[in-house]
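Right, one structure below, let's go through it.
The values are calculated or read from the model by the stated rules, or taken from the named source; none is laboratory data. Here the structure is a predicted model, which is why all the values come from computation and not from measurement. Here Cβ is always computed from backbone atoms with ideal geometry, including for glycine, and neighbour counts include all displayed protein chains.
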Amino acid sequence: MDDAGIVKLFLRRDEAAITAAAERYGSRLHALARNLLGSDADAEECVNDAWLEAWNRIPPHEPGDYLFAFLAKIVRAKALNRVKAMSAEKRSAELVSLTEELAGMLRSADDTEAAAEAKELAAAVSRWLRSVSEEKRRVFVRRYWYAESLQQIADRYGISESKVKSLLWRARRELAKQLEKEGYLP
Amino acid sequence: MKEIEFMEKINDLDPALLEDRPAAGKRSRSKLIRRFALAAAAVLLLAGTVYGVAKGIELRKTDSPGTEEQGFEARVQLPLVPRSSFTGEIRTAGEKIAEQYQNPVSQPMFSSYYADPGTYALSFATIDEAAAYIGLEGFKLPTFPFDEYDCSVSAHGDEKGRVDMVQLTAERIVRNDIGAQLYVTILTDAAPQSEYVSGGVWTYEFPRDVEFRHYTTPGGKDCAIAVLKPEYDNDYLGMTGYMAAGSALYELNLGAVPQEKYDVAMQILRDWADALDKE
C-alpha cells in the first residue's frame, strides 16, 4: 500500500494503518532506532512507542507525501530521548564517536532556548543542505540524521570510507561557518 | 550532552531532504572488486613512469540491478601521484595523521581543523598559498569565481601516515544567493584505486531530471556539467562542472541556484573552465 493509502487509513481511524505502515517502513524505522540506541530490543520498544504517537497525531496531522519522514522524525526523537536518559557508558561507541564529531556546533552547553530556536536551526541546516552538492547532502544526512556508521555510508554509496570522512569533515566545517554567519555560533 | 542536543535540534529538517533507501552493500562490493582490479592495472601501467594526466570524465546515469535504485555518477581515472612528488609542507601531513591515530583525542572543530583520525587540514588566505603548501610541479592553479572565499587543504591517510588523497577546497558561504564549492582532488600512490567516483547520487526517486552537458573550452578541453533539477517543490538547481587537468580532478559545485539564474550559473561554469584551461 502506498503512503496515500496508509494515511487515509490513519485518518479513518482504521487500525490496519499501523500494520500497513509497519510492513512498508517498519524495518527502516527499526534500523534508524538501532543506529541510535545500539540495541534491537530498545529499538523495538522505541518503534512501538512511535506507532502509538503516530496514531495519536494523525489526524489532525496529515503527512501527505512524507509519511516516512514523519514517522522517522517521531522514532528519532524518541530514540534520542532514550539516549539522553542512558548513562554515558551505555551509549554505543558509534553514537559517541558520531556525537563527538559535532562538538562545537552550538553556542554553549546551556543553549537551550528550546523549540523556537530548534525550529530555526533546523531551517538553517535545511537551507545549507540545499546549497551543497547532492553527494555531500546525502552523506551528511545519513551520518547525522540517520546516525549511520562510516562503513554503512561507504557501502551505501559505493565510495571509500576515506572519502566519506573527507565529505563529512568538509560538511561540518561549511555548516559551522554557515551557522556562525547566521548567529548560531559565536 | 551538548552534541545530542544538536542532533535533537535538527530533527525537524525539511522532510524533502530525508531521502530514504536501504543500504546497497551488494552493489558496492562488486564495484569495489572491479575498482581494485582497475587500480592494480593502473599501478602496473604507471610503474617506472612519471605520473600521468587525468582524463576521461564520465557522467552517466546508473541503475542497480535487482533494486529500484537509479542515479548518476561522475567517474574519472586519476594518475596516482608519487608522494615523493610533493615538495610543499604537506609532506609533513602524514606524520600528523599517524599521530592522530596514536593519540585519538576528540578535537572540537574550532580548536583544530581535524575531527577524526585520518584527516589533517589547514586553512589558507588564498588558493595560491594553498597550492604552495601542496607544492606539486605542473599543478594547475584553479580559479574561484567569487572574490570572497574560504580555502583549505586536507590530506587523508591511514594509521601509518600514508597519505592517499589530497584535496584543495575553496568555498563561498552565503545566504539567499548562489553557494559555491570548489574541490581539487589528487590521489597519491598510496590510494587503493585510480578510479575516482564523485557526484554519486543514488535514489529511489530517479529518473529525477538530471541533465548532462558538455562545454568545450577554446583550448579544446572538456568540461562535463551535471544539472540537477529541483527534486521537490523548491525552486533550486544544483549544477556541477567537472574537469580533469594535470593530475587532478577539478569540480565546481554551484548550489541553491534559483531557476531564473540558470544562464548566469552556466556562464560561471564556462568562465571557470576557460580560466582553468588557460592556466
Number of positions in segment A:52-73 that are over 17 Å from the mean Cα position of the chain (by Cα) and either in contact (Cβ under 8 Å) with a residue 40 or more places away in the chain or surrounded by 20 or more Cβ atoms within 10 Å (Cβ to Cβ) (or both): 6
Contacts under 6 angstrom Cβ, first residue in segment B:151-162 being farther than 15 Å from B:R91 by Cβ, partner surrounded by fewer than 16 Cβ atoms within 10 Å (Cβ to Cβ), 6 or more apart: B:S152/B:S123; B:E159/B:Y101
Unique match (being within 19 Å of A:E135 (Cβ to Cβ), of a type in the set (A, V, I, L, M, F, W, C) and in contact (Cβ under 8 Å) with a residue 60 or more places away in the chain) among B:L141, B:L187, B:L136: B:L187
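Per-residue answers, yes or no, for (1) of a type in the set (D, E); (2) at pLDDT 90 or above:
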{"site": "B:P145", "(1), (2)": "no, no"}
{"site": "B:E148", "(1), (2)": "yes, no"}
{"site": "B:D158", "(1), (2)": "yes, no"}
{"site": "B:Q167", "(1), (2)": "no, yes"}
{"site": "B:R172", "(1), (2)": "no, no"}
{"site": "B:D177", "(1), (2)": "yes, no"}
{"site": "B:Y183", "(1), (2)": "no, yes"}
{"site": "B:Q193", "(1), (2)": "no, no"}
Verdict on B:Y262 being more than 10 Å from chain A (Cβ to nearest Cβ) and at pLDDT 80 or above: yes
Candidates A:D42, A:D2 - the one that is surrounded by fewer than 21 Cβ atoms within 10 Å (Cβ to Cβ), within 17 Å of the chain's Cα centre (by Cα) and acidic (D, E): A:D42
From B:L122, B:L136, residue being under 19 Å from the mean Cα position of the chain (by Cα), modelled with pLDDT under 90 and not acidic (D, E): B:L122
So B:E211, is it modelled with pLDDT under 90, in a strand (DSSP E or B) and surrounded by fewer than 19 Cβ atoms within 10 Å (Cβ to Cβ): yes
Of all residues making up segment B:90-117, the number that are farther than 30 Å from A:L179 by Cβ and either of a type outside the set (S, T, Y) or modelled with pLDDT under 85 (or both): 5
A:D49 being in a helix (DSSP H, G or I), under 19 Å from the mean Cα position of the chain (by Cα), surrounded by fewer than 19 Cβ atoms within 10 Å (Cβ to Cβ) and not aliphatic (A, V, I, L, M): yes
Top-ranked residue of segment A:141-182 - restricted to ones that are farther than 18 Å from A:R76 by Cβ and outside any helix (DSSP H, G or I), ranked as nearest to the other protein chains (Cβ to nearest Cβ): A:G158
Number of the exception - B:P218 against (1) assigned to a loop (DSSP other than H, G, I, E, B); (2) modelled with pLDDT under 90: (2)
Residue match in segment A:14-31 (condition: over 24 Å from A:R142 (Cβ atoms) and in a loop (DSSP other than H, G, I, E, B)): yes
Residue match in segment A:101-118 (condition: within 30 Å of B:V197 (Cα to Cα), part of a helix (DSSP H, G or I) and either modelled with pLDDT under 70 or facing chain B (nearest Cβ under 9 Å) (or both)): yes
Extreme residue, nearest to the other protein chains (Cβ to nearest Cβ), among residues of segment A:64-80 that are farther than 14 Å from B:I10 by Cβ and charged (D, E, K, R): A:D65
Test for A:E134: is it within 26 Å of B:G179 (Cβ to Cβ), more than 7 Å from chain B (Cβ to nearest Cβ) and at pLDDT below 90: no
